[in-house]
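Visitor: Got a structure for you, written out below as structure tokens; questions coming shortly.
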Amino acid sequence: LSNLKHVAIIMDGNGRWAEDKGLSRTEGHIAGTQNIRRVVRQLIVNNVQYVTLYAFSTENWDRPVDEVDSLLQILSDSIVNETTEMNDEGVRIRHLGRIDRLPARLQKAIDKSVDLTSQNTVINLNVAFDYGGRDEIVQAVRRIVESAVKPDDITEDTLSSELFTVGMPDPDLIIRTAGEMRISNFMIWQASYSEYYSSPVYWPDFDELELNNALSEYSRRKRKFGTLNKTVT
Ligand code: IPE
Ligand code: IPE
Ligand code: MG
């Protein structure tokens with residue numbers, strides 16, 4: 001799939017997966033985090049260059065404090081435990097979102113894994129954590145205003161270059177698991193022409209086969225970008 005550079009995934013349904021099995025929501029989040037490796041490997045097999053995973057939204061702070069704490073803890077643990085192996089596999093890890101509201105320990109773990117993997121080229125893995133599309137745009141606008149650029153000189157590229165995704169291609173395909181059909185403040189600028197795919201499967205069960213189903217559905221879509229061409233690549 002030569003026209004598929006960037007896959008973004010809204011990893012949803014950890015809580016419902018756990019509930020179905022009589023487990024705690026925390027166990028659902030742990031299972032969800034363990035699924036990341038499997039999906040990233042399969043994206044590498046498919047030669048995808050960028051994958052963005054929505055792990056924690058700016059709105060997720062409004063969940064009960066216990067759940068927020070366990071999500072922060074699970075992310076810290078998984079960064080510490082997975083970075084070495086991801087690095088060996090050539091994964092370049094980046095963080096999208098706000099870093100300033102995360103616990104200092106987690107900030108350090110993120111910085112370390114971003115630095116360690118910065119020369120890797122097999123696949124780019126963006127972890128969106130404390131990420132919100134509106135927040136990202138507000139911050140970009142603040143920087144543009146501070147730079148005192150003339151209003152007429154502000155273009156779409158000006159804004160794109162102030163987003164966390166600067167220099168990256170827009171997502172070609174956005175997958176959401178657990179059957180939901182909403183964007184939930186994810187990449188609202190970058191998603192303007194993304195193909196959207198909703199899978200009924202809960203994230204911890206979203207395996208190689210489910211991913212391949214999404215990719216083959218994508219390959220059958222005709223992207224037109226507002227033109228009359230049947231396909232634009
Ligand atoms: C997705 O699973 C993970 C996060 C949003 C952090 P949920 O926790 O949203 O799972 P459901 O939607 O309650 O099943
Ligand atoms: C979106 O899932 C955020 C992440 C997957 C990190 P939510 O479960 O928070 O979204 P809503 O509340 O169903 O829209
Ligand atoms: Mg959810």
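Any read-out appearing in this document is the output of simple, stated calculations on the displayed coordinates, not a laboratory observation. All figures in this text were calculated on a predicted structure; none of them were measured in a lab. Here the Cβ is made from the backbone with ideal geometry for all residues, glycine too, and neighbour counts use every protein chain on show.
Visitor: R0 = 35 Å: FRET efficiency of Asp153 with Ile99, Cβ-based, nearest 0.05? Intermediate values should be presented prior to the final figure.
Guide: On the way: r = 29 Å, r/R0 = 0.83.
With R0 = 35 Å, the Cβ-Cβ based efficiency is 0.75.
Visitor: Among the GluC sites (Glu not before Pro) in the stretch 47-136, which ones are in a DSSP loop with at most 13 other Cβ atoms within 10 Å of the Cβ? Mind listing them?
Guide: Sites meeting the loop and neighbour criteria: Glu59.
Visitor: Under 8 Å for C-alpha pairs, at least 6 residues apart: give me the relative contact order for the chain, rounded to a whole percent.
Guide: Reported as a whole number, the value is 28 percent.
Visitor: Still on this structure, please answer the following. At 222 nm, what value in deg cm²/dmol follows for the chain if DSSP H runs of at least 4 each add -39500 (n - 2.57) and the sum is divided by all its residues, to the nearest 500?
Guide: -13500 deg cm²/dmol
Visitor: Under a 5 Å amide H to amide H cut-off, with H placed in plane at 1.01 Å, what residues pair with His95 once short-range neighbours are removed?
Guide: Answer set, sorted by chain and number: Val127.
Visitor: Next question. Can you give the longest run of the chain that contains no chymotrypsin sites (Phe, Trp or Tyr not before Pro) sitting in a DSSP loop with at most 15 other Cβ atoms inside 10 Å?
Guide: 1-192
Visitor: What residues qualify as long-range amide H neighbours of Leu173, i.e. H under 5 Å apart, gap of 5 or more or another chain, H built at 1.01 Å from N?
Guide: Amide H neighbours of Leu173: His6, Ala8, Glu195.
Visitor: Quick one: net charge around Asp170, please, counting Lys, Arg +1 and Asp, Glu -1 for every other residue with C-beta under 13 Å from its C-beta.
Guide: Cβ neighbours under 13 Å give a net charge of -2.
Visitor: While we're on this one: What distance in nm lies between label points placed 7 Å from Cα along the C-beta direction at Thr227 and Asn81?
Guide: Distance between the two pseudo-spin positions: 4.7 nm.
Visitor: Taking the Cα-to-Cβ direction at Asn185 and at Asp115 and moving 7 Å from each Cα, how far apart do the two end points lie in nm?
Guide: 3.0 nm
Visitor: Which one, Tyr131, Met181, Thr26, is farthest towards the positive end of the dipole of the chain when Lys and Arg carry +1 and Asp and Glu -1 on their Cβ?
Guide: Checked the options; the winner is Met181.
Visitor: 7 Å from Cα along Cα→Cβ at both Ser216 and Asp88: what's the point-to-point distance in nm?
Guide: Taking the simple label geometry, Ser216 and Asp88 are separated by 3.2 nm.
Visitor: So which lysines pass the test for Lys224, namely a Cα distance under 21 Å, with those fewer than 8 places away in the same chain ruled out?
Guide: Within reach: Lys5.
Visitor: For the chain, would you read off the P(r) tail past 28 Å as a percentage of all alpha carbon pairs?
Guide: Value for the chain: 31 percent of Cα pairs lie more than 28 Å apart.
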